[in-house]
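In what follows, a structure is listed as structure tokens, so that the remarks can point back to it.
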Amino acid sequence: MGATARLAWAAIGRQRTLEVVVNVVATIIAMGFFVFGMWLMGTAPELASFQAAVFFGGILSVALAVAIPTTLLGHSES
């Protein structure tokens, strides 16, 4: 295998490694939004005021957590 072929394989390896790292980071962020949204929805009934706003914020956070993997992750050019 020539030097050019080795460099090409190394570039492919770096690209795939970068894709995996981005997917892992995006998944962790999505999980954080999901847990935070569930916490907001669970906390809302205990509040004296702004119950609806906090609950709606929880719904938006969970919706964002579901939207991240369905729109951003899993798309590849290969």
Exercise for the section: Mind giving me the nanometre distance, one decimal, between the label points for VAL24 and ALA63, set 7 Å out from Cα along Cα→Cβ? Expected result: 3.2
Problem - Contour excess over end-to-end distance, with Cα ends at MET31 and ALA53 and 0.36 nm allotted per residue - result: 5.8 nm
Fill in the blank from the handout: Accessible-area order for SER49, SER61, largest to smallest, probe 1.4 angstrom, reads SER49, SER61
Exercise for the section: Return the carbon/sulfur percentage of the accessible area of the range 20-61, one whole number, probe 1.4 Å, all protein chains in place. Expected result: 83
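The values are calculated or read from the model by the stated rules, or taken from the named source; none is laboratory data. Remember, it's a predicted structure, so these values are computed and weren't measured experimentally. Glycine gets a Cβ as well: all are built from the backbone with ideal geometry, and neighbour counts include every protein chain shown. For accessibility, only protein heavy atoms count, side chains too; no ligands or nucleic acids. Shrake-Rupley method; radii C 1.70, N 1.55, O 1.52, S 1.80 Å.
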